[in-house]
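Data first, discussion second: the structure below is written as structure tokens.
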Amino acid sequence: MTTLYHTTSVAAAASILDAGFQDTTEVHPLHGEITGVYLCEKPLTDGIGFPIGTPAEKYAQALLVEFDDGHALDQFVLDPVPPQIWHLPASEINTHATVTLLSS
């Protein structure tokens, strides 16, 4: 099992658990415009994955995103430097992963 994390607001986490992930489009400083969902090898916090000063409610909840062993994720690595970050299409996560709320 490969476990990754998606860190978001409490409201967004509830929406994801109810209806699945939705793609978003952003401009990444190194990769330009990208569309999909960010996942990380650990839950992100202020200054690690989110700019310092980001309101805490933006990263108040983490979701566990689990893929079966053997599911090819290498093609989705966005940043190999720890903490490693993946950027996947929402459909890839919704189809191939189990998503659960990370309890505090």
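A Cβ distance below 8 Å, combined with a sequence gap of six or more or placement on separate chains, defines the contacts here; from the stretch 71-90, residues that are farther than 17 Å from residue 21 by Cα reach residues that are assigned to a loop (DSSP other than H, G, I, E, B) and among the basic types (Lys, Arg) in the pairs 83/42. Within the stretch 27-57, being modelled with pLDDT under 90, in contact with a helix residue (DSSP H, G or I) (Cβ under 9 Å, 6 or more places away or on another chain) and surrounded by 15 or more Cβ atoms within 10 Å (Cβ to Cβ) holds for 43, 44, 49, 50.
The residue that is farthest from residue 91 (Cα to Cα), counting only those in the stretch 16-26 that are surrounded by 11 or more Cβ atoms within 10 Å (Cβ to Cβ) and of a type outside the set (Phe, Trp, Tyr), is 26. The number of residues in the stretch 69-104 being part of a loop (DSSP other than H, G, I, E, B) and surrounded by 11 or more Cβ atoms within 10 Å (Cβ to Cβ) comes to 6.
The values are calculated or read from the model by the stated rules, or taken from the named source; none is laboratory data. Here the structure is a predicted model, which is why all the values come from computation and not from measurement. Reconstructed Cβ throughout: ideal geometry from the backbone, glycine too, with neighbour counts over all protein chains shown.
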